[in-house]
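The values are calculated or read from the model by the stated rules, or taken from the named source; none is laboratory data. If you're wondering where the values come from, they're calculated on a predicted model, not measured in any experiment. Here the Cβ positions follow ideal geometry from the backbone for every residue, glycine too, while neighbour counts run over all protein chains shown.
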Amino acid sequence: MKKQISLHQLGVLCGLAAGAWLGMAEAPTKLVTVGFSPFLVSLGMVAGVFVARWTVPMALKGTSYIWADLREKPHLIAWAILAGMLWAVANTLTVFAIRNVGLSIAFPLWNTNSLVGLFWGWLLFRELRGAGASQRAKVLGGAAAIVVGACILALATSHGSTAGASGAAGLGIAAALGAGVLWGTMYIPYRKAYISGMNPLSFVTVFTFGELGTVFALAVAFDGGVSNVMLSLAKARPALFWLFLGGFCWVLGDLFQQYAAKYVGIGRGIPLSNTNQLWGLAWGALVFGEFAGQSAQTQMLVVVGSLVMIAGAVSISMAEAPALEQRSWREAMQRECDRYGLDAVRVAQTMDGEDPLADQQRRPRQWWEFVIVGVAVAFFLWLAAGSASQPIAMNLPWMVILIVASVALLAGCGVVLGKRTRFS
């Protein structure tokens, strides 16, 4: 009998797949460099996010399952909406960062979110409690490496010439680091949901309402009101498909990140998914040519900083939680069960990769599920029909290589996740 993959190995694999798709999703935000408002770019992406967060979970588990999961844990609905609001503001900040300092530099800076997530995981969810000296050294040493890498990249920005105006690079750095703080805090609702037994697919379905509402409110407040936003969307119609596609890709990466956070914790799973900085570096440097015209010193600093940060993430991901630490995780789980009256046995089963709710919800697919998928596909095709190529120089061979590699990770990890947990 073939040995089953461990939950730690599964979490690591999900983190790697998340890195590829989160990295690819940021490529369309390069449109901000050709004159689109950062708020418009963010709104276009979130439109794709909204559609994906409804259709993908429904296609995998069905609406009956999703509603039953939400009814069992109604207190988590507010947490999911809050997480979506934090995500929306952070995503908007990343667009400003990309505009001012470029994708390959901004990406590693906002990935300091792993430090924030590591702190919250330790403080609120008992991660690293009971871990041995070796595991703690790997996690804390990796966190230190991430800080050093971020400092190197900030230094590279000061040597480069990516900003078009005085002070723009500093604002870009601030925006990227601010996004890291918000995203790191966003992982609190993530972990709270999963130690309460909620399926990641149910969580993101509600999550998206906070995203869309917040991004639309930001666009209205800072881009001249509702009428001006709608007019801008109409003018940007030829580019909306690419932003929509970026949002859809983001959801695929975020779902893998959610499963990584569930099975190995936010202190380990988030740094692992932050390998997206390598993919962001590849898209920025190889596809968009962001290093063109930069000095050799600047290019070397960016590469070294990225590698140092990746080494830190790898160190953290290799620190598998020992039995004593896993016992601490169970204590955090029991706290949530006692607070909200949850069934501790069933919650423990979900943390072990089982799906007791699916065994109860054995219902056939509903007709409206096919309608929802059809509407989503039709909307996608409608945007594609009105799209046009944008005035951004790209290296097509490298773009094809990166897309093929990302799809391979998506397929491989998706199959393993489905077989091991039934997407629990």
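Of everything in region 65-79 that's aliphatic (A, V, I, L, M) and in contact with a Leu (Cβ under 9 Å, 6 or more places away or on another chain), which residue is surrounded by the most Cβ atoms within 10 Å (Cβ to Cβ)? Explain how you work it out, then say what you get.
The first filter runs over region 65-79 and keeps only residues aliphatic (A, V, I, L, M), leaving 66, 68, 70, 76-78.
Now narrow it down to the ones that are in contact with a Leu (Cβ under 9 Å, 6 or more places away or on another chain): 66, 68, 70, 76-77.
Values: Ile66: 21, Ala68: 18, Leu70: 18, Leu76: 24, Ile77: 18.
That would be Leu76.
Every listed requirement among (1) under 20 Å from Leu60 (Cα atoms); (2) in a helix (DSSP H, G or I); (3) in contact with a helix residue (DSSP H, G or I) (Cβ under 7 Å, 6 or more places away or on another chain) is met by Gly414 save one, (3). Identify all residues within region 108-129 that are among the aromatic types (Phe, Trp, Tyr), surrounded by 24 or more Cβ atoms within 10 Å (Cβ to Cβ) and closer than 22 Å to Thr214 by Cβ; write none if there are none. Hit for region 108-129 is Trp110, nothing else. Selection of region 238-293 for residues being among the acidic types (Asp, Glu) and not in a helix (DSSP H, G or I) yields only Glu290. The C-beta contact set for region 177-201 (first residue part of a helix (DSSP H, G or I), second residue crowded, with 24+ Cβ neighbours inside 10 Å and basic (Lys, Arg), distance under 7 angstrom, 6+ apart or interchain) comprises Tyr194/Lys262; Pro200/Lys262.
When region 337-348 is limited to residues that are without any contact (Cβ under 8 Å) to a residue 40 or more places away in the chain and either among the hydroxyl-bearing types (Ser, Thr, Tyr) or in a helix (DSSP H, G or I) (or both), the one that is surrounded by the most Cβ atoms within 10 Å (Cβ to Cβ) turns out to be Ala348.
In region 303-332, which residue that is at pLDDT 80 or above and touching a Leu at 6+ places or on another chain (Cβ under 7 Å) is surrounded by the fewest Cβ atoms within 10 Å (Cβ to Cβ)? By that ranking, first place goes to Glu325.
When each of Trp67, Trp21 is tested for being more than 30 Å from Arg362 (Cβ to Cβ) and either among the aliphatic types (A, V, I, L, M) or modelled with pLDDT of 90 or more (or both), the lone residue that passes is Trp21. Total residues in region 199-238 satisfying the condition of being crowded, with 24+ Cβ neighbours inside 10 Å and modelled with pLDDT under 85: the figure is 0. Residues in region 259-303 that are under 15 Å from the mean Cα position of the chain (by Cα) and β-branched (Val, Ile, Thr): Ile266, Ile270, Thr275. Do you know which residues across region 314-344 are over 27 Å from the mean Cα position of the chain (by Cα), over 20 Å from Pro74 (Cβ atoms) and hydrophobic (A, V, I, L, M, F, W, C)? Those that are over 27 Å from the mean Cα position of the chain (by Cα), over 20 Å from Pro74 (Cβ atoms) and hydrophobic (A, V, I, L, M, F, W, C): Ala323, Leu324. Would you point out the residue of region 136-181, among those that are closer than 28 Å to Met85 by Cα and among the β-branched types (Val, Ile, Thr), that is modelled with the highest pLDDT? By that ranking, first place goes to Val181. Looking only at residues of region 349-381 that are of a type in the set (S, T, N, Q) and part of a helix (DSSP H, G or I), we find that the one that is surrounded by the fewest Cβ atoms within 10 Å (Cβ to Cβ) is Gln360.
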